[in-house]
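Data block below; observations after.
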Amino acid sequence: MSVLNNIGGVVLKPIIKEMSRARLPKIDGQVFLKGLKEEVEIIRDEWGVAHIYANNINDLLFAQGFVHAQDRLFQMELNRKVARGRLSEIIGKKALDSDRIARTMGYERVAKEDWDLFGKEEQQTIIDYCNGINAYIKSSDFKLPVEFTLLKHQPEPWEPMDVASFSRLLISLLTWGWYDEIIRAKLIEAVGPEAAAELDNTYPKDNPITLPKGIEFNMLDISGKFEAMRGPYMPQISGSNAWTVSGTKTKTGKPFLCNDPHLTLKNPNIWYMNHLHCPEMHVSGVTAPTLPMVQIGHNEKIGWGITLSFTDIEDVFVEKFTDEKCTSYMHEGKLMETNIIEEKIFIKGEKMPHIEKVYETIHGTLISDVTGHSTMKLTLCSMAYRAGTSTKGWFQLNKAKNWNDFADAVKHITAPGLNIVYADTESNIGYYNSGKVPLRDKATASIPQPGWTGEHDWKGFVPFEEMPHVLNPEKGYVITANHKVEPDDFPYFLGDIYMNGYRANRLEKMLLRKDKLEPKDFTEMQMDFHCIPGKLFAAHYKDIHMDNAELQRYIDMLLAWDGVLDTERIEGSLYKVGKLMVVRKLFESSINDKKLIDELLGRGFHAIFGPVNSYLGHNTPILLKILDNEDSIWLKAAGGKEKLLKDGFKNAIDWLKLNYGTKTHKWKWGDLHAIVFPHALSAQPPLDKVFDVGPFPIGGDTDTPFQTFIMAAEGYGGELSAPSYRQIIDFSDFDQSTVVMPLGNSSNLASPFYKNQLRDWFEGNTYPMCWSREKVEKHKKHSLVLKQL
């Protein structure tokens with residue numbers, strides 16, 4: 001079957017590529033459109049980045065919608081269908097499970113509440129953006145992307161709820177915590193509270209904390225010295241992995257802000273490079289097609305970058321319903337009526353819609369059935385599903401002029417929980433932790449709590465002014481790598497699902513190697529494959545002596561390894577497979593539930609809405625902690641440390657031989673660990689051979705600065721999470737800033753901008769982030785003028 005699939009792909013790819021070539025959008029000349037106030041110029045540079053010049057903000061956003069649709073219309077179509085639970089309308093019954101989850105979680109229902117909270121400016125921003133998309137679809141130059149033809153689907157006109165629903169979906173995907181509570185409860189049931197406690201996320205003591213002081217606020221005086229101030233807002237003054245570095249540590253004497261968000265990579269990429277210019281706003285960076293403005297980048301005064309902070313802003317409650325139909329439930333001794341919503345899901349090829357009943361209590365939506373836990377009645381209480389003004393916050397970031405504006409924008413971002421790093425043209429650097437965190441203790445947030453008592457209901461939130469933040473830290477830099485943000489004595493519990501800090505440890509060491517840093521140093525940091533826990537794991541084999549000479553030779557190689565997870569050596573495979581087999585053996589010694597073991601290795605509840613959970617980054621420090629504790633319950637159950645390490649390593653070698661042969665040159669980490677950029681249509685062979693990009697060998701893992709990971713239960717290669725975009729913003733001269741992302745701006749198979757950035761992304765090369773008109777003109781490749789019809 002795979003042979004037929006390959007043949008089919010070989011035959012189809014040139015045909016579909018030629019079909020795509022006939023559907024390339026018009027990017028030179030003129031296009032006449034209804035809805036514009038004045039003409040707009042769209043310059044595409046030699047890398048395919050769209051630079052949009054308009055005379056007013058309405059036309060600017062209209063044109064942004066237009067270019068997004070030109071280059072990414074099918075991706076945008078899927079984005080809105082997934083968010084609104086309407087994927088079955090174009091895919092068929094295969095998509096019903098996804099739609100059931102989307103309707104249950106209620107992305108569109110919450111988005112409608114969000115819309116009512118938006119001001120006229122935010123609403124008009126989204127309306128202008130949708131008008132631009134629709135103008136492209138209705139234009140005489142519109143050419144339907146080939147994916148629509150293959151699915152026999154025509155796009156409907158866009159409406160603001162498409163954008164608002166997708167925004168709410170993104171917020172939920174970036175919010176973590178609830179599924180870990182369920183896993184922890186299952187773990188306690190399987191092994192008891194004492195053994196389960198050994199698997200709690202304990203932060204390695206040698207790894208750094210983002211803000212050791214929790215809150216630090218210093219203002220620069222005229223001489224550049226620090227003056228302590230009370231935050232979070234900077235007083236008005238006249239004149240005036242992400243990481244941000246003060247000018248005191250750079251060769252230019254001005255700040256740099258670097259960011260490389262790690263997300264699941266697909267074809268096309270989640271991000272689209274955009275440069276937007278009009279009298280009211282000038283901003284450049286990346287945006288997620290389906291959303292207007294810029295999500296990561298800089299404007300004329302400030303720049304920002306983001307990473308997940310893993311603050312815990314959601315909980316799970318066990319409800320006590322009074323009947324099988326769940327029409328009512330108990331809360332604080334009172335009988336409460338359940339809000340029951342009937343969602344109609346229309347399915348391609350089916351005459352009648354599927355009716356999905358959604359149940360809502362005072363805490364949130366009943367999620368048991370759609371997450372595979374129907375034996376208990378669980379509701380999800382999450383800031384990701386509470387109406388808010390997060391979208392307004394992102395729009396304000398685009399226009400922010402200073403720290404005050406930045407802090408005010410972050411205040412509106414009630415979800416998700418993010419590390420947002422900051423720098424500005426006045427040489428300030430800073431950081432703010434976004435998201436409204438409920439007031440509760442660690443015990444309450446660790447496992448599902450009884451909902452009927454009311455005892456564990458959210459009573460309030462950590463005040464925004466007391467969330468972790470810093471302006472001009474004395475050390476001269478802020479590093480965020482999803483690790484622990486606040487010190488142990490911080491007055492509020494923000495969660496304990498943060499990542500282990502090994503990436504932050506490595507980045508800090510690299511940053512401190514030189515007194516004065518420059519862009520090539522930041523690129524080296526972003527491209528680094530050094531794995532600190534790999535060396536720590538290997539060190540445990542120092543006193544292990546295998547009876548078999550061949551196995552001992554492999555252990556000696558592991559001990560001599562420098563910890564660099566590159567593609568060309570087998571030591572990385574010895575570490576990664578060896579560690580996985582040791583962890584599996586450790587878990588299997590006490591747990592009989594295979595699904596629970598996979599969840600402890602990181603498996604989430606759904607491929608789209610929750611492919612991984614936070615245990616993905618926890619099992620390494622958990623293992624290292626257990627190996628250092630001879631009294632560990634888990635270690636004793638596994639027969640002791642020596643037996644565990646020997647048996648796990650032997651299993652690893654057996655696995656490598658079985659899957660990759662006895663020739664060790666085929667065991668290189670790049671042979672096991674290859675990245676594929678999957679397309680949405682690749683689930684239907686042989687279209688995977690047409691649209692998927694890859695596989696390509698790639699280094700790294702969860703704990704390397706150049707992070708690349710896949711959920712361990714699934715293997716080592718395929719669809720990976722990795723840097724989805726790299727930016728290095730130079731505040732001495734924005735024209736010297738650089739960017740790169742995997743693949744390219746266009747999703748058209750025949751476009752020169754389809755995957756033009758891929759090789760440079762692999763090799764660590766970057767492109768100018770053209771800012772000034774002079775710089776844009778220097779690299780201009782295409783020019784399209786939009787005119788009023």
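The values are calculated or read from the model by the stated rules, or taken from the named source; none is laboratory data. Just so it is clear, the structure is predicted and the values come from calculations on it, not from any experiment. So basically every Cβ, Gly included, is an ideal-geometry build from the backbone, and we count neighbours across all protein chains shown. Areas reflect the complete protein model, heavy atoms only, side chains present, ligands, DNA and RNA absent. Shrake-Rupley method; radii C 1.70, N 1.55, O 1.52, S 1.80 Å.
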Legend entry - Reachable lysines from residue 399, criterion Cα separation under 19 angstrom, eight or more residues apart if same chain: 120, 301, 411
Inset, instruction - Putting +1 on Lys and Arg Cβ atoms and -1 on Asp and Glu Cβ atoms, find which of 258, 313, 269 reaches farthest to the positive end of the dipole of the range 235-340. - result: 258
Legend entry - Phi-based couplings in Hz for the range 453-463 (Karplus 6.51, -1.76, 1.60; Gly and Pro marked x): 7, x, 5, 9, 4, 5, 9, x, 9, 4, x
Legend entry - Share, in percent, of DSSP beta bridges within the chain that are antiparallel, nearest 5: 85
Legend entry - Entries of 594/663; 249/509; 625/646; 509/542; 93/186; 641/668 with Cα pairs more than 20 Å apart: 594/663; 509/542; 93/186; 641/668
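Counting only helical runs of four or more DSSP H residues, what would the 222 nm mean residue ellipticity of the chain come to if each run contributes -39,500 (n - 2.57) and the total is spread over all its residues?
Helix contribution divided over all residues of the chain: -10500 deg cm²/dmol.
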Inset, instruction - Work out the length of the dipole vector of the range 1-151 about its Cα centre, built from +1 on the beta-carbon of each Lys and Arg and -1 on the beta-carbon of each Asp and Glu, and round it to the nearest 20 debye. - result: 860
Inset, instruction - Hey, can you grab everything whose amide H is under 5 Å from the amide H of residue 701? Only 5+ residues off in sequence or another chain; H modelled, so Pro and N-termini drop out. - result: 708
Inset, instruction - Could you list which residues have their amide H under 5 Å from that of residue 429, counting only those 5 or more apart in sequence or on another chain, with H placed in the peptide plane? - result: 472
Legend entry - Å² of accessible area per residue within the chain, as computed with a 1.4 Å probe and no ligands counted: 38
Legend entry - Electrostatic dipole magnitude of the chain [Cβ: Lys, Arg +1; Asp, Glu -1; Cα centre; debye, to 20]: 1920
Inset, instruction - For the range 20-32, just list the computed ³J(HN,Hα) in residue order, Karplus coefficients 6.51, -1.76 and 1.60, θ = phi - 60°, integers in Hz, with x standing in for Gly and Pro. - result: 5, 4, 6, 10, 4, x, 6, 10, 9, x, 10, 9, 9
Legend entry - Karplus-derived HN-Hα couplings along the range 564-580 (A = 6.51, B = -1.76, C = 1.60, θ = phi - 60°), whole Hz, x at Gly and Pro: 8, 8, 8, 8, 9, 10, 8, 4, x, 5, 4, 5, 5, 6, x, 5, 4
Inset, instruction - Would you mind telling me the share, in percent, of accessible area of the chain contributed by carbon and sulfur at probe 1.4 angstrom? - result: 52
Legend entry - Those trypsin sites (Lys or Arg not before Pro) in the range 651-720 that DSSP places in a loop and that have at most 10 other beta carbons within 10 Å: 663
Inset, instruction - Straight distance only, please: which aspartates and glutamates reach the Cα of residue 780 with their own Cα at less than 18 Å, same-chain residues fewer than 8 apart left out? - result: 28, 41, 45, 46, 71, 735
Inset, instruction - Over 18 Å between C-alpha atoms is what I'm after, so list which of 94/266; 576/666; 535/585 land there. - result: 94/266; 535/585
Legend entry - DSSP-loop GluC sites (Glu not before Pro) across the range 295-345, with at most 12 other Cβ within 10 angstrom: 324, 332
Legend entry - Qualifying trypsin sites (Lys or Arg not before Pro) for the range 316-385 [loop in DSSP, other Cβ within 10 Å: at most 11]: 325, 351
Inset, instruction - Please list the non-local residues whose amide H lies under 5 Å from the amide H of residue 36, H modeled 1.01 Å from N, same-chain partners needing a gap of 5 or more. - result: 789
Inset, instruction - Determine the distance separating the Cα centre of the range 38-88 from the Cα centre of the range 417-465; give it in Å without decimals. - result: 33
